[in-house]
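Enquirer: Here it is, the structure, as structure tokens.
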Amino acid sequence: MEDLRQRLTQPSVESKQEASGKVISYLAITLIGGLVATILIFLTWKGIALFTGNHYSLWDFLSGIKWRPSDHVFGALPMIATSFSVTLLSGVIALPLALVVAIAITEILPSTAYKFLQPTIELLVGIPSVVYGYVGLTVIVPFLRRIFGGTGFGILAATCVLFLMILPTMTSMTIDSFRAVPKQYRNASAGLGATRWQTISRVIIPSAKSGILTAMVFGMARAFGEALAVQMVIGNTTVMPTGLMHSAATLTSVLTTGIGNTVMGTISNNALWSLALILLVMSLAFNLLMRLVSRKGVK
């Protein structure tokens with residue numbers, strides 16, 4: 001009788017598996033959280049060293065228009081302005097085309113087109129950025145040079161490359177947003193006598209608005225943080241941008257070209273870490289914006 005009572009009261013195999021699963025999950029969450037916290041603390045510590053250790057003015061760093069490490073002059077405004085310029089331009093160009101392609105695939109073309117085009121778009125999403133940069137270097141830059149003259153390197157070339165990079169991502173996410181709209185919405189709209197375009201413009205797009213905005217923000221976040229592809233076509237000149245065909249430099253291009261040519265702990269190296277901190281802050285801002293857009297769509 002006592003043995004039977006012990007068997008009935010002791011934990012089952014399933015409860016033991018659940019307990020071990022919880023321990024593994026908590027350990028994984030702790031590890032990931034620790035890694036993220038370590039990265040944030042390290043980048044913040046290195047990023048503020050220019051202002052705390054070298055006593056460089058934060059205002060001069062953010063508002064200065066000259067970047068001359070040899071003279072200890074670090075004005076990050078040209079790179080910040082260029083980064084936002086190429087990001088906004090590529091996003092504004094890519095979003096309408098992503099909408100058109102997504103509408104065609106989900107609402108107009110037959111289902112066989114979706115089965116063929118969706119894997120193709122996802123394949124384009126996974127292409128390494130260096131491939132897009134090489135296409136820009138060998139195709140886009142010579143084309144712009146023939147059309148507009150000059151070297152062909154500049155903001156316009158970087159915008160074209162980033163447009164090619166983020167268009168598949170934004171298209172894929174927009175397609176998923178359209179397909180998430182319940183079929184009953186389409187049937188109800190058709191039952192009320194609406195045409196296909198009226199259903200698309202007044203029912204489907206408003207219902208998928210949060211997903212569309214999320215796709216736009218996600219694509220722009222990828223464009224803002226892109227380094228290698230932009231570095232290959234933008235010209236890497238640390239001056240304030242004055243035209244689409246003029247060479248410029250982004251935060252990422254200056255980081256990738258300069259971090260290997262500085263000594264750790266010097267003021268020039270600390271200035272590059274400060275640029276990395278700006279990138280981190282902007283990445284967090286993009287992620288926060290995506291969460292806000294998604295939460296608004298859920299409500």
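The values are calculated or read from the model by the stated rules, or taken from the named source; none is laboratory data. Computed from a predicted model, the values in this text were never measured in an experiment. Here Cβ is always computed from backbone atoms with ideal geometry, including for glycine, and neighbour counts include all displayed protein chains. For the accessible areas, the whole protein counts, side chains as well, though only heavy atoms, and no ligand, DNA or RNA atoms are used. Shrake-Rupley method; radii C 1.70, N 1.55, O 1.52, S 1.80 Å.
Enquirer: Have a look at ILE147, ILE155, ILE32 and tell me which one the Gaussian network model of the chain (Cα, springs below 10 Å) gives the largest fluctuation.
Expert: ILE32
Enquirer: Among LEU275, LEU251, LEU109, which one shows the highest mean-square fluctuation when the chain is modelled as a Gaussian network with alpha-carbon springs under 10 Å?
Expert: LEU109
Enquirer: Here is a follow-up. How much length, in nm to one decimal, is gained on full extension between GLU122 and ALA19, taken as 0.36 nm per residue of separation minus their Cα-Cα distance? It would help to have the intermediate numbers written out before the result.
Expert: On the way: separation 103, 0.36 × 103 = 37.08 nm, distance 3.81 nm.
Here the segment from GLU122 to ALA19 would lengthen by 33.3 nm.
Enquirer: Please give, to one decimal in nm, the separation of the simple spin-label points placed at ALA113 and THR237, each 7 Å out from Cα toward the Cβ.
Expert: Computed distance between label sites ALA113 and THR237 equals 4.4 nm.
Enquirer: Let me ask something additional. As a test of reading the structure, rank LYS115, LYS46 by solvent-accessible area (1.4 Å probe, protein chains only), most first.
Expert: Numbers: LYS115 150, LYS46 25 Å².
My answer, sorted largest first, is LYS115, LYS46.
Enquirer: Can you give the convex hull volume per residue for the Cα atoms of the chain, as a whole number of Å³? Numbers along the way, then the final one.
Expert: Numbers: hull volume 69.7 nm³, N = 299.
Spelled out: Cα convex hull of the chain, divided by residues, is 233 Å³.
Enquirer: With labels modelled as points extended 7 Å from the Cα through the Cβ direction, what inter-label distance (nm, one decimal) is found for ILE29 paired with SER70?
Expert: So the two model labels end up 5.4 nm from each other.
Enquirer: Tally Lys/Arg at +1 and Asp/Glu at -1 over every other residue whose Cβ is under 14 Å from the Cβ of PRO78; what's the total?
Expert: Once all neighbours under 14 Å are counted, the net charge is +1.
Enquirer: Another question about this same structure. Quick one: check the C-alpha center-to-center distance for the range 108-169 versus the range 234-270, whole angstrom.
Expert: For the range 108-169 versus the range 234-270, the Cα centre distance is 24 Å.
Enquirer: Are there any helices in the chain, counted as whole DSSP H runs, that stretch 27 Å or more along their axis by Cα and score at least 0.5 on average by Kyte-Doolittle, and if so which?
Expert: Values: long enough: 13-47 (50 Å, 0.91); 77-103 (39 Å, 2.13); 155-179 (35 Å, 1.45); 267-298 (47 Å, 1.25).
Span-like helices, by this rule, are 13-47, 77-103, 155-179, 267-298.
Enquirer: In percent, what relative contact order does the chain have, based on Cα pairs under 8 Å that are 6 or more apart in sequence?
Expert: Taking the mean separation of contacting Cα pairs over the length of the chain, I get 25 percent.
Enquirer: Collect residues whose amide H, placed 1.01 Å from N in the peptide plane, falls under 5 Å from the amide H of PHE74; neighbours closer than 5 in sequence don't count.
Expert: ARG68
Enquirer: Next question. Lys/Arg Cβ at +1, Asp/Glu Cβ at -1, dipole of the range 59-295 taken about the Cα centre: which of SER207, HIS246, ALA221 is farthest positive-ward?
Expert: Farthest along the dipole direction, towards plus: SER207.
Enquirer: Give me the net charge for the shell around MET232: Cβ to Cβ below 15 angstrom, other residues only, Lys and Arg +1, Asp and Glu -1. Display every interim value, and only then the final one.
Expert: Details: positive: ARG145; negative: GLU226.
Here the count lands on 0.
Enquirer: How would you order 213-219, 277-283 from highest to lowest mean count of nearby Cβ atoms within 10 Å?
Expert: 213-219, 277-283
Enquirer: Follow-up question, since we're still on this one. Given 20 °C and 1.002 mPa s, compute D for the range 110-149 with the Stokes-Einstein relation, Rh being the Kirkwood radius over Cα pairs; round to the nearest whole µm²/s.
Expert: In µm²/s, the coefficient is 176.
Enquirer: Ordering TRP273, TRP197 by how much accessible area each has at a 1.4 Å probe, largest first, what is the list? Show your work: numbers first, answer last.
Expert: Numbers: TRP273 45, TRP197 155 Å².
The most accessible residue leads, giving TRP197, TRP273.
Enquirer: Can I ask one more? Using Cα centres only, tell me the gap between the range 86-101 and the range 34-58 in whole Å.
Expert: If we compute the Cα centre of each part, the gap is 34 Å.
Enquirer: So, in nm, how far is label ALA190 from label THR151 when the simple model puts each one 7 Å beyond its Cα toward the Cβ?
Expert: 5.6
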